[in-house]
Amino acid sequence: MEEKIPSFLKEKLEKQYGKDITSKIIQGYKTQRKVTFRVNTLKSNIEEIEKELEKSKIEYEKVPWSKEAFIIENVREKEIKNLDSYEKGNIYVQSLSSMLPPIVLEPKEGTDILDMAAAPGGKTTQIATLVNNKASITACEINKIRAERLKYNIEKQGVTCSYVMTTDARKIDNFFSFDKILLDAPCSGSGTLDINNLKLSEIFTPKLIQKSTASQFALLKKAINLLKQGKEMVYSTCSILQEENEQIINKMLSYGNIEIVPIEFEGMERLPLLPSKIKGTLCVRPNELYEGFFIAKIRKKKLN
Ligand code: SAM
């Protein structure tokens, strides 16, 4: 199975993390991840969902860092999608790693929030639950078809505090400013490689990484422009390559107007982490529960 991983990626990972950690990462790519979902607290609650799972004889486990996250033990996604609560939008099937950026963002009620690369909306709808539908969320998406999916999910999840902007986020007018920004940037997906895809080496190429890094930096630069002074944003990708993560952040740090806010939340110590080159940022290792993910929290400095 190992030879299915593009050789240039294996070389990059070994250079970055060493052989031992790389073989753990490759092991993680190969495992079938358990189905996970989040309770949509805008429409339901944890007790109601637990009751439905127990009635359907679906076994689950919880995570230490979120009461709303469920890990399913004995059925696959299809069975979860057959549940009433899925149909009603009371739960949202989402990877555990993908639930972390909104938690790190710590959105507050009554504020202006920008989700810069938003479709299909897992994180937009999660942010809405965290502010109890009481903030103004601008959800931006460049791709028209994906923006339709985003609108569908927003509606299905009962989110009433968001506005979808179908545009290139790099073109948002600097007249706008936000209290919090999530940039869940487009990336190579090196944290979530589908090792069974026979076309993997055609899709996952050095060119894809190059294209991703160019748009990641442009989007991050724009995010900093749109962020109010003294306020915080989150940069995340589902890549575990330094060039899409630490190198992008370091380039931005060299401009001097931002600083890293060390990420801290209860239960974080239980995450499978990879070493990160920037202290205070998180890089999650892919395994049977988590996708590979990078998260950095950034504050725009106040001008004196
Ligand atoms: N945050 C989403 C979620 O949790 O469901 C996933 C976002 S996905 C990693 C990145 C998204 O960014 C894609 O839907 C892509 O079409 C969009 N995108 C790429 N470049 C963009 C740009 N310049 N402006 C706005 N959206 C962009």
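General observations
- Candidates Val104, Val159, filtered to the one that is more than 8 Å from the ligand (Cβ to nearest atom), more than 17 Å from the chain's Cα centre (by Cα) and either touching a residue at least 60 places away in the same chain (Cβ under 8 Å) or buried (at least 21 other Cβ atoms within 10 Å of the Cβ) (or both): Val159
- Residue pairs whose Cβ atoms lie under 9 Å apart, separated by 6 or more positions or on different chains, with the first residue in region 207-234 and at positive phi and the second assigned to a strand (DSSP E or B), are Gly230/Arg299; Gly230/Lys300.
- Within region 184-206, the residues that satisfy the criterion of being touching a helix residue (DSSP H, G or I) at 6+ places or on another chain (Cβ under 9 Å), modelled with pLDDT under 95 and surrounded by fewer than 15 Cβ atoms within 10 Å (Cβ to Cβ) are Asp194, Ile195, Asn196, Asn197, Leu198, Ser201.
- Beta carbons closer than 9 Å, at least 6 apart along the sequence or on distinct chains, pair a first residue in region 20-32 that is in a helix (DSSP H, G or I) with a second that is among the β-branched types (Val, Ile, Thr) for Ile25/Ile240; Ile26/Ile5; Ile26/Ile195; Tyr29/Ile5; Tyr29/Thr192; Tyr29/Ile195; Lys30/Ile195.
- Matching entry among Ser215, Ser236 (being outside any loop (DSSP other than H, G, I, E, B), at pLDDT 95 or above, out of contact with any Leu (no Cβ under 9 Å at 6 or more places or on another chain) and within 20 Å of Gly292 (Cβ to Cβ)): Ser215
- No other residue among Ile278, Ile295, Ile263, Ile258 is under 17 Å from Ser188 (Cα atoms) and surrounded by 15 or more Cβ atoms within 10 Å (Cβ to Cβ) apart from Ile295.
- Restricting attention to region 162-178, the residues that are under 22 Å from Gly110 (Cα atoms), within 20 Å of the chain's Cα centre (by Cα) and within 13 Å of the ligand (Cβ to nearest atom) total 3.
- Among the candidates Ile209, Ile181, the residue that is in contact with a Leu (Cβ under 9 Å, 6 or more places away or on another chain), in a strand (DSSP E or B), at pLDDT 95 or above and within 15 Å of the ligand (Cβ to nearest atom) is uniquely Ile181.
- From the list Glu68, Glu79, Glu61, the one residue that fits, being over 30 Å from Phe204 (Cα atoms), among the acidic types (Asp, Glu), out of contact with any Gly (no Cβ under 6 Å at 6 or more places or on another chain) and crowded, with 18+ Cβ neighbours inside 10 Å, is Glu68.
The values are calculated or read from the model by the stated rules, or taken from the named source; none is laboratory data. Because the structure is predicted, anything quoted here is derived from the model rather than measured. Backbone-built Cβ (ideal geometry, glycine too); neighbour counts: all protein chains shown.
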